[in-house]
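The values are calculated or read from the model by the stated rules, or taken from the named source; none is laboratory data. As the structure is a prediction and not an experimental result, all values here were calculated from the model. FYI the Cβ positions are ideal-geometry reconstructions off the backbone, even for glycines, and counts take in every protein chain you see. All accessible areas refer to the heavy atoms of the entire protein, side chains included, with ligands and DNA or RNA removed. Shrake-Rupley method; radii C 1.70, N 1.55, O 1.52, S 1.80 Å.
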Amino acid sequence: MKKKLTTAVLFLLLVTGITACKKQDSNTTIVKIGGKWQVTKIETKVYDANGGIASSNTVEYNPSSDYLDFKSTENNDFEMSLAGTISSGNYVTFVGTAFNIKLASKLLVCSTEVLNDNTFQFTATVDQSNPKVTETYYLKR
């Protein structure tokens with residue numbers, strides 16, 4: 001009887017251990033954005049006090065050398081290389097399509113517009129910028 005009870009308890013522990021393993025949903029934003037993305041262009045808009053666009057600028061980048069890398073590390077490290085300048089920081093994702101990128105020089109509050117296997121487009125608002133500044137990133141794999 002004791003042997004049957006021990007076997008049953010061990011079996012329950014084994015089943016509980018296997019089913020309790022948390023699997024990461026492959027459809028979450030953090031999984032989808034992870035990895036290196038090539039930058040094709042960035043559109044920057046500066047807004048006036050009334051919310052209208054005061055100025056707009058689009059910079060085309062070289063996808064073979066310019067990139068954003070959302071690393072799958074414990075701290076969600078982030079690296080950006082644009083026109084030979086490398087910046088690093090980290091990122092955090094939220095429920096839905098929102099995420100933030102923290103760099104040494106600024107905090108980008110981001111909203112995903114397009115995200116699939118080969119295309120990633122998001123608009124980032126530079127936190128506490130006055131006047132308001134947004135940057136729309138166009139990325140590909």
Of the listed residues (LEU139, LEU103), the one being free of Cβ contacts under 8 Å to residues at least 40 places away in the same chain and open to solvent by less than 80 Å² (accessible area, probe 1.4 Å) is LEU103
Residues that are outside any helix (DSSP H, G or I) and touching a Lys or Arg at 6+ places or on another chain (Cβ under 9 Å): does the stretch 93-106 have at least one? no
Within the set of pairs 6 or more residues apart or between chains, which connect a residue that is surrounded by fewer than 16 Cβ atoms within 10 Å (Cβ to Cβ) inside the stretch 33-47 to a residue that is among the basic types (Lys, Arg) and not in a strand (DSSP E or B) with Cβ atoms less than 8 Å apart? GLY35/ARG141; LYS36/ARG141; VAL46/LYS132
Residues that are of a type in the set (Asp, Glu) and at pLDDT below 95, drawn from the stretch 116-134: ASP117
For the stretch 78-92, indicate whether the set of residues that are outside any strand (DSSP E or B), at pLDDT 95 or above and surrounded by 12 or more Cβ atoms within 10 Å (Cβ to Cβ) is non-empty. no
Complete set of residues in the stretch 47-63 that are in a loop (DSSP other than H, G, I, E, B) and not acidic (Asp, Glu): ALA49, ASN50, GLY51, GLY52, TYR61, ASN62, PRO63
Please verify whether the stretch 24-35 includes one or more residues that are under 23 Å from THR125 (Cβ atoms), among the hydroxyl-bearing types (Ser, Thr, Tyr) and modelled with pLDDT of 90 or more. no
What pairs come out if I take residues in the stretch 50-76 that are closer than 23 Å to ASN100 by Cβ and pair them with residues that are open to solvent by 90 Å² or more (accessible area, probe 1.4 Å) and at pLDDT 95 or above whose C-beta lies under 7 Å away, six or more apart or interchain? TYR67/LYS36; ASP69/LYS36
Going through the stretch 121-136 in order, the residues found to be assigned to a loop (DSSP other than H, G, I, E, B) and either of a type in the set (Ser, Thr, Tyr) or touching a residue at least 60 places away in the same chain (Cβ under 8 Å) (or both) are SER129, PRO131, LYS132
